[in-house]
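Asker: Okay, handing you the structure first.
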Protein chains: 4
Amino acid sequence: MVEVVGTAPTSVMFITKFVYRHSWKTNSINIKLLSLDSIILFIMKLTQEQKQEIADQQAQKHETKRVTSVELEKILYEALPVLDHGFVRVVDYMGDDTSIVQSARVSYGKGTKKVSTDEGLIKYLMRHWHSTPFEMCEIKYHVKLPIFIARQWIRHRTANVNEYSARYSILDKEFYVPSKEQLSAQSTSNRQGRGDLITGDQADEVLKILKDDATRTYDNYEKMLNEKFDGTIIDEKKSGLARELARMNLTLNSYTQWYWKTDLLNLLNFLFLRADSHAQYEIRVYAETMLDTVKKWVPITHAAFLDYRVGAVHVSSKGKKIIQQLVKGEKVNYENSGLSKREWNELMAAFEFKEKIV
Amino acid sequence: MVEVVGTAPTSVMFITKFVYRHSWKTNSINIKLLSLDSIILFIMKLTQEQKQEIADQQAQKHETKRVTSVELEKILYEALPVLDHGFVRVVDYMGDDTSIVQSARVSYGKGTKKVSTDEGLIKYLMRHWHSTPFEMCEIKYHVKLPIFIARQWIRHRTANVNEYSARYSILDKEFYVPSKEQLSAQSTSNRQGRGDLITGDQADEVLKILKDDATRTYDNYEKMLNEKFDGTIIDEKKSGLARELARMNLTLNSYTQWYWKTDLLNLLNFLFLRADSHAQYEIRVYAETMLDTVKKWVPITHAAFLDYRVGAVHVSSKGKKIIQQLVKGEKVNYENSGLSKREWNELMAAFEFKEKIV
Amino acid sequence: MVEVVGTAPTSVMFITKFVYRHSWKTNSINIKLLSLDSIILFIMKLTQEQKQEIADQQAQKHETKRVTSVELEKILYEALPVLDHGFVRVVDYMGDDTSIVQSARVSYGKGTKKVSTDEGLIKYLMRHWHSTPFEMCEIKYHVKLPIFIARQWIRHRTANVNEYSARYSILDKEFYVPSKEQLSAQSTSNRQGRGDLITGDQADEVLKILKDDATRTYDNYEKMLNEKFDGTIIDEKKSGLARELARMNLTLNSYTQWYWKTDLLNLLNFLFLRADSHAQYEIRVYAETMLDTVKKWVPITHAAFLDYRVGAVHVSSKGKKIIQQLVKGEKVNYENSGLSKREWNELMAAFEFKEKIV
Amino acid sequence: MVEVVGTAPTSVMFITKFVYRHSWKTNSINIKLLSLDSIILFIMKLTQEQKQEIADQQAQKHETKRVTSVELEKILYEALPVLDHGFVRVVDYMGDDTSIVQSARVSYGKGTKKVSTDEGLIKYLMRHWHSTPFEMCEIKYHVKLPIFIARQWIRHRTANVNEYSARYSILDKEFYVPSKEQLSAQSTSNRQGRGDLITGDQADEVLKILKDDATRTYDNYEKMLNEKFDGTIIDEKKSGLARELARMNLTLNSYTQWYWKTDLLNLLNFLFLRADSHAQYEIRVYAETMLDTVKKWVPITHAAFLDYRVGAVHVSSKGKKIIQQLVKGEKVNYENSGLSKREWNELMAAFEFKEKIV
């Protein structure tokens, strides 16, 4: 999987920002120092033709009476790298922060004159769970992602999707292999989470398995197709197996790609679940990249989303009573709380009362 | 309801095109010669402020890298008149014909270079019921329409809606009264259709009832609110009834308005049902106006839609056998067809074999 | 509107339970002492034929291998009265609490043996916003309700609906008139809320207007149709106006009816919004009646819904900091909180810190 | 993949009916004579526990006032075998043919007394594309299927799904290998279809690749997990790789399973597309099995579906003119038709005018 930079005529180097991200809900700082080794993995292969097509789109200049988002226009069509071979591209969008206000008011014009009024209304709508005005903005992405992540993603049904068809075409010879920083053991406390890093020989063995098996199954895919990924026929005297059948031999870390379009409300629902610290890392990095595009597109909505959704705490009816007692200075602890241990700890963790966790 | 043109400072005159429309399915030419009398009904009241807001939006010029639809831009934001006080305005859109091709191909660039290739693919997609590429275009309308029509319209669920709230605001003093050309009796053959025109004294009486009842219930609405439509308080010493209650006194021909946003696929489904000759006239005129905007927006898709949907015939398994026999010159008639009389006639009408209708 | 009990052959008396309901979010006890006068309003008119049809359905006994909800079966098909002429009937259902567990586990069998295990899992799923298992239960209602309430209701799009068609049939001669306890003035603080009661002469006047206008517009509806609600033709020499047109003369408090089917997840979303104290009273009473049917149907889910949704508090990121300071005994007040006055008060009200409201 | 019948304690033999199926659209008889060799492939492995769980459910007898479908009850919970290791089980349902009529009429009772009246209405509704009454029936399936088929299936968004989670659990050691009768070459005329059978050594090689690669990647999956499919730990001193990561090594023919619930309208839409001769064989066999369950459940709707959808022909506006000319005995051929060659042939094939195909 490790590519030697610059040797392949079709490869292109993207230097990704070194970022300090913190996991949302836990608020623990989770510094990602990317080693030189892992940088090398951040390589997307775009062909010369693909690069030219993107450049052509970026060179377009049209005049429009529609509202535009100046910051989002700057990165329109750009392939933002995710994982080792994936990307997210904003391909089109409709509306901006003012469109939310405009439709909430069923306005003949722009809705308001002042940004401050817009902000107040958008915050109000977000706080009180008004949903329909946020549906009035729409965005379309082109995404390249591993199949096992695509299977999680597609569970969000309120979106429009066109996926690259492996019945019709041959898939690219690209598959995801985790960086060593992501090679975690099964969590012992959480059946759907990760625990400590796997290191040393065991890590090397895992990476070797993933690379070898993906490579072998892809080679056999080509063999059954009797055709190489670039269209070369292997044996002119043979017919290849139907593409719709041969694809079943590929592993789930093979990359696929799709156009994915949704409205702002459903995008925020997606990001709330998938940019969360409990989401699998491999989908979270897509969500985080998309969250950056939301910030450029609708900055007021983005800020309200961070305050009222991402950083918010949902307290149950029973939990509310605990908080009330704590504020009044009453003695309350797990034993007399009426909560299960798990619920007690979730509540204390949410408010960062770490000394109260049992 | 009849407005004297030009006297009210808030009224504006739209000259609508005189058009020959033919009802889709029946293919019968249904000429609508609009008399002077009915023209006077085509009056929308827009306040000076509303007119200025629309003009301000139309004056916007932004640069964008997004694809644009030049013809649709020309009428963007314009209030296209429908019925006596209603309108349809295109407020925003995303994508054009090339976006369908681009997403069907999951393309890095524009999809194709040539319009002819685009056309072939769009026709193919429409003919073979491929749906997802047409979902990749989106459009947003601002519509003013009578409540009883809004209730039909909202049954189309795959759309985003923000309606003007009569819990929050006072509705405009406007209600739909049919023109005399539309004052039809109940059909005797079709329980949900119209028959012959009602004329003479009975027509005058119906129009008088509709106007009087709408006016009286609106006046009582203001009285209960203790507030005029323009915000004037009627009796300073009284509290008005809650708006969410007072509205229940209004008649179903009162006008409401909403922002309505949908993708191209679902818009075409809506238009297929609502621009059809079996649809109620009062919603059909909205659908026809919107169909004109589709033609400006995505002309290739519009043409394919006319060929493969609007003008198409759906023949059942049993109907297919009849057609096969007819082509082979075999004697086949209603009695030996195995079809019910109704089905037989529907089939003959669909192919315009009028002499075979029994 | 006031019916003399027992005189009309088609009327039937339902004695509704006197209930102490508390408004959910405000937690203020809101005792509804129903006066004799308002009891008289709780009258649904069911024809003898309708009553017989319901009785016939209730007499059905079928054997099934499907899971059944014993408590819900007891009230199946029964018309539970709501408002003056409305009702809610459970007509069919699929699944129970165990179905949620079964599908969450993708089980070959029942999922679990013990109710306690089911309860633990259902609470966990509700707390962590797992949605899909709750979609695995389905319920179907027959509802009679005023049109202006139907227009709010239909905004919940993820449901299946068949409404009684006024294009096709004549609507019943029934319209909603509020009881005096519900005749509230417009709220001065909340643009979409109710304030103090309207009483005395003004109340009498409002009720008179509502009754007179509904009666007159209905009488004119019959006149234009040339047909009485019971099918009697008024003038044999005339044709009536098409039903699809005549209906526009009816007022928005006319009753309509529909079959409405949805899954448990979307039902709970509906109830969360519509059984809330901020919802309009006239839809809230439907939601409360339906919430009772949910309790009979899926009691474990119902309890989890009350704890984790209805009685829960959603605290924003900024609000969380305030709570943390309050628990630590730090001085924090509106002025130094960084919150707007409205947000501050909403937070204090949510935790019932009434002395802190400014 | 070939199982020796009866030797494994967990295997179970299902004798599937030998059926003459004809491909829908083409109407060509496509006899499937299953050789002994392929019968052996029809083996589902169910554990003793799973078999007991199914038997326990089938032994349930509850009394209900709901409508029941006697024929569907007979096969409720039964695992109907599909492909080599897959199955379809009906787990629950709501409504029957009478429910469609009942909701179309917004009835207080059963809707109608006579089956013949029901049949007439259901046929009318189907013929005229009325959709909402068919949404009033609901069904829930438990399905075991290969992942590459699950990815096609999930594109139908209007359904509820709970899939077995490979983040949480270890997938079964089962993968799909086609029978020799299905080992087709890529079609040369249709980019997403199959052509001639691959036979001889090449066929053996393909089957060997599919089996070896699936077996090896599964073995490595266990090795990375440090755990066998039955829960045995491989090396007590090691931690296994997180399940959410290890699964990426599996091939796309691995079996997954889910609960899938949808309404009758959307089920018919699914079956229309997936039981069609253009659908991939591996999803078509699921659709055909489900179509049989629809016949048991709602036989009147099933018959109408065959007549008005499955066996129907959709004729474009241009195609209609050709048919008109043919019936009138006019000379019309491809050259003067105005159709493309492809469209001409599609039209002639639809009406089985084989001699006119060019």
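Asker: Per residue of the range B:278-292, in order, report the coupling 6.51 cos²θ - 1.76 cosθ + 1.60 (Karplus, θ = phi - 60°) as ³J(HN,Hα) in whole Hz, putting x for Gly and Pro.
Answerer: 7, 6, 4, 3, 5, 8, 5, 5, 5, 4, 5, 5, 5, 4, 4
Asker: How big, in percent, is the set of alpha carbon pairs in the protein assembly as shown lying more than 53 Å apart?
Answerer: Everything past 53 Å amounts to 28 percent.
Asker: Same structure, new question: Below 8 Å, C-alpha to C-alpha, sequence gap of six or more: please give me the relative contact order for the range C:75-172 in percent.
Answerer: Relative contact order, the range C:75-172: 32 percent.
Asker: Okay, next question. Assume the label is 7 Å from Cα along Cα to beta carbon: what separations in nm does A:Phe229 have to the matching positions in the other copies?
Answerer: Copy-to-copy label distances at A:Phe229, shortest first: 3.0, 6.7, 7.3 nm.
Asker: Additional query: With a sphere of radius 9 Å drawn around the Cβ of A:Gln58, what net charge do the other residues whose Cβ falls strictly inside it have (Lys, Arg +1; Asp, Glu -1)?
Answerer: Once all neighbours under 9 Å are counted, the net charge is -1.
Asker: For A:Val82, list long-range residues whose amide hydrogen, built 1.01 Å from N in the peptide plane, is under 5 Å from its own amide hydrogen.
Answerer: Correct list: A:Phe87, A:Val88.
Asker: Separate question: To the nearest 20 debye, what is the magnitude of the charge dipole of the protein assembly as shown about its Cα centre, counting +1 on the Cβ of each Lys and Arg and -1 on the Cβ of each Asp and Glu?
Answerer: My answer is approximately 0 debye.
Asker: Then there is this: Placing a label point 7 Å from Cα toward Cβ, how far apart in nm is C:Ala349 from its equivalents in the other copies, listed shortest first to one decimal?
Answerer: 3.3, 5.8, 6.6
Asker: Still on this structure: For the range B:238-246, take each phi angle, set θ = phi - 60°, evaluate the Karplus expression 6.51 cos²θ - 1.76 cosθ + 1.60, and give the result in whole Hz per residue in order, putting x for glycine and proline.
Answerer: Taking θ as phi minus 60°, the curve returns 10, 8, x, 5, 3, 4, 5, 9, 4 Hz for the range B:238-246.
Asker: Running a GNM on chain B with Cα contacts under 10 Å, which residue among B:Lys295, B:Lys208, B:Lys45 ends up with the highest mean-square fluctuation?
Answerer: In this elastic network of chain B, the residue with the biggest mean-square fluctuation among B:Lys295, B:Lys208, B:Lys45 is B:Lys208.
Asker: Taking every eigenvalue of the Cα gyration tensor of the range C:195-315, multiplying by 5 and rooting it, what semi-axes result, largest first, whole Å?
Answerer: So the equivalent ellipsoid measures 41, 22, 11 Å along its semi-axes.
Asker: Sticking with this one: Which residues' amide hydrogens lie under 5 Å from the amide hydrogen of D:Asp92, considering only partners 5 or more residues apart or on another chain, with H built in the peptide plane?
Answerer: Amide H neighbours of D:Asp92, under 5 Å, 5+ apart: D:Lys140.
Asker: How far apart, in nanometres, would the label points at B:Ser277 and B:Gln52 be if each is projected 7 angstrom from Cα along the Cα-to-Cβ direction?
Answerer: 4.8
Asker: Could I ask something else about it? Label position 7 Å from Cα toward Cβ: report the copy-to-copy distances for A:Glu49 in nm, one decimal, ordered from shortest.
Answerer: 5.3, 5.7, 6.9
Asker: Another one. Using only Cα atoms, tell me the angle between helix A:341-350 and the longest principal axis of chain A; keep it within 0 to 90° and round to the nearest 10.
Answerer: 90
Asker: With a point put 7 Å past each Cα toward its Cβ, work out how far B:Lys331 is from D:Asp212 in nm, to one decimal.
Answerer: Result for the modelled spin labels: 7.0 nm.
Asker: Next question. Which of the pairs B:Lys261/C:Lys140; B:Lys65/B:Lys295; B:Lys51/B:Lys296; A:Lys110/C:Lys140; A:Lys318/C:Lys110; C:Lys45/C:Lys296 have their Cα atoms more than 32 Å apart in this structure?
Answerer: A:Lys110/C:Lys140
Asker: Follow-up. Treating only the Cβ atoms of Lys and Arg (+1) and Asp and Glu (-1) as charged, compute the dipole magnitude of the range B:284-326 about its Cα centre; round to the nearest 20 debye.
Answerer: Dipole magnitude for the range B:284-326 comes out near 260 debye.
Asker: Show that you can apply the helix-only estimate: for chain B, add -39,500 (n - 2.57) for every DSSP H stretch of four or more residues, divide by all residues, and state [θ] at 222 nm to the nearest 500.
Answerer: Here the helix-only value at 222 nm equals -11500 deg cm²/dmol.
Asker: Kindly write out, for the range C:137-151 in residue order, the coupling ³J(HN,Hα) from the Karplus curve 6.51 cos²θ - 1.76 cosθ + 1.60 (θ = phi - 60°), rounded to whole Hz, with x marking Gly and Pro.
Answerer: 10, 9, 9, 10, 10, 10, 10, 10, 7, x, 4, 5, 7, 4, 5
Asker: Please list A:Lys61, D:Lys110 in order of solvent-accessible area, largest first, computed with a 1.4 Å probe with all protein chains present.
Answerer: Listed by decreasing accessible area, they come as A:Lys61, D:Lys110.
Asker: Just to confirm my numbers, what's the Cα centroid distance between the range A:209-255 and the range B:199-243 in Å?
Answerer: Rounded to whole Å, the Cα centres lie 74 Å apart.
Asker: Take the rotation relating chain A to chain D, measure from its axis to every Cβ in chain A, and name the nearest residue with the distance in whole Å.
Answerer: In residue-and-Å form, the answer is A:Arg157, 2.
Asker: Give the peptides A:330-337, B:210-217, C:125-132 in descending order of average Cβ contacts within 10 Å, highest first.
Answerer: The densest-packed peptide leads the list: B:210-217, C:125-132, A:330-337.
Asker: Residues with amide H under 5 Å of C:Cys137's amide H, sequence separation 5 or more or different chain, H placed in the peptide plane at 1.01 Å from N; which?
Answerer: Amide H neighbours of C:Cys137: C:Leu264, C:Leu265.
Asker: Another question, then. Can you check what the net charge comes to around B:Asn266, using other residues whose Cβ is under 11 Å from the Cβ of B:Asn266 (Lys, Arg +1; Asp, Glu -1)?
Answerer: Result for the neighbourhood of B:Asn266: -1.
Asker: Using alpha carbons only, how many degrees (0 to 90, rounded to 10) separate the axis of helix B:264-274 from the longest principal axis of chain B?
Answerer: 80
Asker: Now for a separate question. Note the angle between two axes, namely the Cα long axis of helix A:48-58 and the longest principal axis of the Cα atoms of chain A, as a number of degrees from 0 to 90, rounded to the nearest 10.
Answerer: Computed tilt is about 40 degrees.
Asker: What's the Cα-based Rg to Rh of the range A:248-343, Rh via Kirkwood?
Answerer: With Rg and the Kirkwood Rh in hand, the quotient comes to 1.16.
The values are calculated or read from the model by the stated rules, or taken from the named source; none is laboratory data. Not measured: the values here are computed from a predicted model. Neighbour counts are summed over all protein chains in view; Cβ atoms, including those assigned to glycine, are modelled from backbone coordinates with ideal geometry. Accessible surface areas use protein heavy atoms only, side chains included; no ligands, DNA or RNA. Shrake-Rupley method; radii C 1.70, N 1.55, O 1.52, S 1.80 Å.
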